[in-house]
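Before any comments, here is the structure.
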Amino acid sequence: MALKLQYNKTFVQQLKKQLAVREKALPTLKSKETALRLEVKKASDKVLQLKEEFDELLKKVGNADVLWHEFPPILKLVKTEVLRKNIAGVKIPILEEVSFETADISYFHRPAWVFWGADQLKMLVKRMIEIKIVEKQFEILNQARKKTTQKVNLYEKVQIPMFKEGLIRIKRYLEDEENLSKSAQKIVKARTTGEVAV
């Protein structure tokens, strides 16, 4: 990205303003990048933890596969409430509540394992939903971190040095123009005073 220079004082003022904006924003962007990096790490760790907990729940259920085939349709997922939370300027989903509805069943007409199975199924479904939500958090935070890192690099390594170099070049050009103008005035003055004296 090349900067098209205009060799005048107005353009110098514009460059100074743009440079000041970027220099002022850079520390904030770096802080945001650091915060997002930490949040990405937390989300990644949380996903691993939830998956381990899910695996533990599956182990706890054990070899109940045969029972699940006989499990009656008594459990229904009613509501999954997801809120939005702002972390370092990025909105991420947060699981607030998972609600289930259990059909009215008689304790006497169903085997005892059905109620245990319903509790296990609720925990498994809730954990699966939590995993999906935290994976989404990780995805959103990681994308925001990448964009912020790109912007920090753009400001720090491209635009700020480019604007500084542009300002130096324009100032040198304007100084050279001014020196040439003064020299020309001196020559003209010397000629006019020399012609009058003759």
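The values are calculated or read from the model by the stated rules, or taken from the named source; none is laboratory data. Small disclaimer: the values here were computed from a predicted structure and weren't measured. Cβ placement follows ideal geometry from the backbone for every residue including glycine, while neighbour counts extend to all protein chains displayed.
Is at least one residue of segment 158-180 of a type in the set (G, A, S) and part of a helix (DSSP H, G or I)? Yes, the conditions are met somewhere in segment 158-180.
Within the span defined as segment 173-181, one or more residues are farther than 28 Å from K46 by Cβ, modelled with pLDDT of 90 or more and either surrounded by 13 or more Cβ atoms within 10 Å (Cβ to Cβ) or within 19 Å of the chain's Cα centre (by Cα) (or both).
The set of residues from segment 135-172 being surrounded by fewer than 13 Cβ atoms within 10 Å (Cβ to Cβ) and acidic (D, E) comprises just one member, E165. Each residue in segment 39-57 was checked for being surrounded by fewer than 12 Cβ atoms within 10 Å (Cβ to Cβ) and either modelled with pLDDT under 95 or touching an Asp or Glu at 6+ places or on another chain (Cβ under 6 Å) (or both), and 2 pass.
For segment 92-134, the candidate set comprises residues that are outside any helix (DSSP H, G or I) and of a type in the set (V, I, T); within that set, the residue that is modelled with the lowest pLDDT is I105. If you go through segment 1-38 and keep only what is out of contact with any Phe, Trp or Tyr (no Cβ under 9 Å at 6 or more places or on another chain), surrounded by 15 or more Cβ atoms within 10 Å (Cβ to Cβ) and under 30 Å from Q137 (Cα atoms), you end up with K30, K32, E33, A35, L36, R37.
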